[in-house]
Amino acid sequence: MDANVAYGRALARAFGGALLFSFPLLMTMEMWSLGMAVERTRLLVFLLLSLPMLLGLSYYAGFEPTFRLKDEVLDALAAFGVGFLLAAVLLALFGVLGRRGLSFQADLGKVALCAVPGAIGALVAGKQLGEGAPSAHEKQRAGTLGEIFLMAVGALFLAFTVAPTEEMILIAYQMGPLQALLLMGLSVLLLHAFVYGLGFPGQSRRRQAGGPLRTFVGFTAPGYGVALVVSLYLLWTFGRTDGVAPHEIATMTIVLAFPAALGAATARLVV
Amino acid sequence: MATATKSRRAAKPSPRSEPPLLEWISAAIGLVCALAAIGFVGWDALLGERSPPAIEVRLVAVTPTPHGYVAQVEAINHGGSSAAQVAIEGVLSGQGEAETAQATLDYIPQRSRVGGGLVFEHDPRAGRLVLRARGFADAS
């Protein structure tokens, strides 16, 4: 019985985390229209990719201190449920769902798209809102692949909050090639500074790992690469790349990679 | 590094007993949500038809107001893909000069309908009213 009570509290925390992380998206108009307009195959790919991502995230930052595969699968599924139900309830409350005449698919698309950031929030909440930070050994479990995975989740998460907006395209249109290169340089610089210079919790190992050059090769360069890939993937999912000239796609990717790089750099802080 | 991790893992306390019942229930709910989302989206993605938007505009009601006759209309997209910025138009004839009113509907998903209004100076019920969609932009 005690275990159930403890789990219930963890679940309540998960709802709190999902709420904190996903409400900006739930209250963004583009998310609703994208939920209807996103090409269904791309939405399907996004949903199918989100489940293994949640599983991996549950391994590193579940809302229970678990290590066993079964528990992690259960946590990942529960997190998806939390994100989905929260998105459904809040969108219904905002009057976004159930508009007379709109098809069921349209509503489902909106909820499904918003469920994923909520689910990430639900898993992360275990750590963020938890009673006490996870012990040191849990943090250091991440090997190089694990680090890159966490950076990708951090990048996805931060990029997702702005990727659906029109502003990403608008900024890309407004920027010249020189500005794009400068923004790229700034992103790499900030990523490196966050990873190497600033002593965020959980980053002690990186600073011990070697000099700035080694950190650059080991974390900053792959981190920015991950940020670029995640940005391009999100733009493709939202149909922003269709029929657009390659250099414009590149600029959009660089623009979106700016928040993505910040997300990758602070992944350890967030997830 | 790998051996250090292993020894730390081995040193951790013995695993807990079976997950509590609540954990199974919430995971089951999550599974149902995930399967529903993936199932419907997948069904739509793989089997749904991709015909272009076919938009019918239909008159719902006419209300005389001090500022003209408000004709409430609804636009129904019978096609298999969504349309954005749908321009709808009503042409009222039969009472002297033909009168045209138009409106733009932001977004009509596939097989959905969206309402709007056209405002005329003369009573649309008295004349001949032709409603149609003039054009749209591809969604997304």
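The values are calculated or read from the model by the stated rules, or taken from the named source; none is laboratory data. These numbers come from a predicted model, not from an experiment. Reconstructed Cβ throughout: ideal geometry from the backbone, glycine too, with neighbour counts over all protein chains shown.
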Filter the range A:69-78 down to the residues that are of a type outside the set (D, E, K, R) and either more than 7 Å from chain B (Cβ to nearest Cβ) or not in a helix (DSSP H, G or I) (or both), then identify the one that is farthest from the chain's Cα centre (by Cα).
-> A:Leu69
Residue by residue through the range A:89-105, note down the ones that are buried (at least 21 other Cβ atoms within 10 Å of the Cβ) and touching a Cys at 6+ places or on another chain (Cβ under 9 Å).
-> A:Leu91
Among the candidates A:Leu178, A:Leu156, single out the residue that is exposed (fewer than 14 other Cβ atoms within 10 Å of the Cβ) and at pLDDT 90 or above.
-> A:Leu178
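What about A:Glu30, is it acidic (Asp, Glu), touching a residue at least 24 places away in the same chain (Cβ under 8 Å), part of a helix (DSSP H, G or I) and assigned by TED's automatic domain parsing to the domain that holds A:Val124?
yes
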Answer yes or no: is there a residue in the range A:109-123 that is at pLDDT below 85 and either at the interface with chain B (Cβ under 8 Å from one of its Cβ atoms) or assigned to a helix (DSSP H, G or I) (or both).
-> no
May I ask you to say which residue of B:Glu97, B:Glu56 is acidic (Asp, Glu) and under 30 Å from the mean Cα position of the chain (by Cα)?
-> B:Glu56
Would you pick out the residues in the range A:154-184 that are more than 19 Å from A:Val230 (Cα to Cα) and in a helix (DSSP H, G or I)?
-> A:Leu170, A:Tyr173, A:Gln174, A:Pro177, A:Leu178, A:Gln179, A:Leu182
Answer yes or no as to whether A:Leu49 is in a helix (DSSP H, G or I), more than 8 Å from every other protein chain (Cβ to nearest Cβ) and without any contact (Cβ under 8 Å) to a residue 24 or more places away in the chain.
-> yes
Residue in the range B:44-60 that is modelled with the lowest pLDDT, counting only those that are in a loop (DSSP other than H, G, I, E, B), within 14 Å of another protein chain (Cβ to nearest Cβ) and surrounded by 13 or more Cβ atoms within 10 Å (Cβ to Cβ) = B:Gly48
Can you tell me which residue among A:Gly56, A:Gly8, A:Gly16 is at the interface with chain B (Cβ under 8 Å from one of its Cβ atoms) and surrounded by fewer than 22 Cβ atoms within 10 Å (Cβ to Cβ)?
-> A:Gly8
Can we say A:Tyr196 is at pLDDT 70 or above and either in contact with a helix residue (DSSP H, G or I) (Cβ under 6 Å, 6 or more places away or on another chain) or assigned to a helix (DSSP H, G or I) (or both)?
-> no
Inside the range B:61-137, counting only strands (runs of 3 or more DSSP E) that do not spill past its ends, which hold 2 or more residues that are surrounded by 14 or more Cβ atoms within 10 Å (Cβ to Cβ), within 14 Å of chain A (Cβ to nearest Cβ) and of a type outside the set (A, V, I, L, M, F, W, C)?
-> B:68-77, B:112-120
